Amino acid sequence: MADTQENRDSGANGPSNDGSGDGPPASSRRNPVLAHMMQNKIETTLWFTRIFTVVCSVVFLLPIFGGNPHSFYQRALIAAAATSALRLHQRVPVVQLNMAFLRDLFAEDASHYLMYCIIFLNTYPLTISLIPVFMFALLHACSFTKTILNLMGPASLMFVRNMITKLEAQQVNILRFIASTEILLMPVIVILIFSGKCSLFLPFIYYRFLSLRYTSRRNPYNRQLFSEFNQTALYLCNKPQCPQFIRTICYKAIGFITRLAPVVPTS
């Protein structure tokens, strides 16, 4: 990072490499990456929790390192919950005991995924439930990683730079994939009830999460995917090849899901 006027003045009087004096440590002045991390402690912490989420998710999905897969599943969700809690603290730093504060709190995407992590933390391990937290952690870690690489040098770790460029180019597709995974988790949860692998109350709690995602101010992809799924289902039902009893069931299911859709705020 750029030196302060005090450091430049002291440098003009003579070199000082022993780290003594009132300025920052010599190691920080020599290492721009460390200096940037020290100046952006919250963003650095978020970066570490996101990287840890990615690593634990990969180890759970590909158990090539041994250990208990369920523990890595829980660690990934705990790290994602820590990320969401810290991000929520950034967005809503002042706690107030009123309804306006609660509305602002639950309007934040970070609160949605804090709820998501709590929901699945003590349930039967679902591989599909790790996909959203893994993809969000990977995607959001790219920006800080790119800053670190730029501080390391313009030609540092080119393969990582190329991966980040490809991920950023596919950002919209990744967000749409995450939204579709959030939606498809609901029927998976309902099926797991009959196998005894999840609580009877889990669909009702997860419905609340889906409602929050549907009304998200920052992420419209959940609403878009619901609309596209609805149009696709209607298109298939209206085909002449579709049996009448299946068409009737689909119409009733579409009507039921449409009535459950929350009202989206206009502002």
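The values are calculated or read from the model by the stated rules, or taken from the named source; none is laboratory data. Computed from a predicted structure; not experimentally measured. Cβ coordinates were reconstructed from backbone atoms using ideal geometry, including for glycine residues, and neighbour counts include every protein chain displayed. What goes into the accessible areas is simple: the full protein's heavy atoms, side chains included, and nothing from ligands, DNA or RNA. Shrake-Rupley method; radii C 1.70, N 1.55, O 1.52, S 1.80 Å.
A few comments on the model shown:
- Loop-resident trypsin sites (Lys or Arg not before Pro) (DSSP state other than H, G, I, E or B) in the range 112-197 with no more than 14 further Cβ atoms inside 10 Å of their Cβ: 197.
- Across every pair of non-identical alpha carbons in the range 22-171, the mean reciprocal distance, once inverted, gives a Kirkwood radius of 17.2 Å.
- Cubic angstrom per residue, convex hull over Cα atoms of the range 121-267: 170
- Order by protection proxy (mean Cβ within 10 Å, highest first), peptides 31-40, 229-238: 31-40, 229-238
- Per residue, the chain exposes 60 Å² of accessible surface when a 1.4 Å probe is rolled over the protein heavy atoms with every protein chain present.
- Only protein heavy atoms count here; on that basis, with a 1.4 Å probe, residue 247 has an accessible area of about 40 Å².
- Largest first, the residues 214, 207 sort by 1.4 Å accessible area into 207, 214.
- Protection-proxy order for peptides 52-60, 198-206, each taking the mean of Cβ atoms within 10 Å per residue, highest first: 52-60, 198-206
- Global size of the chain as Cα Rg and Dmax, reported in angstrom: 23.8, 90
- Extension gain, residue 155 back to residue 123 (0.36 nm per residue minus Cα-Cα distance, nm): 7.1 nm
- Spatial offset of the range 100-143 relative to the range 50-81 amounts to 15 Å, using the alpha carbon center of each.
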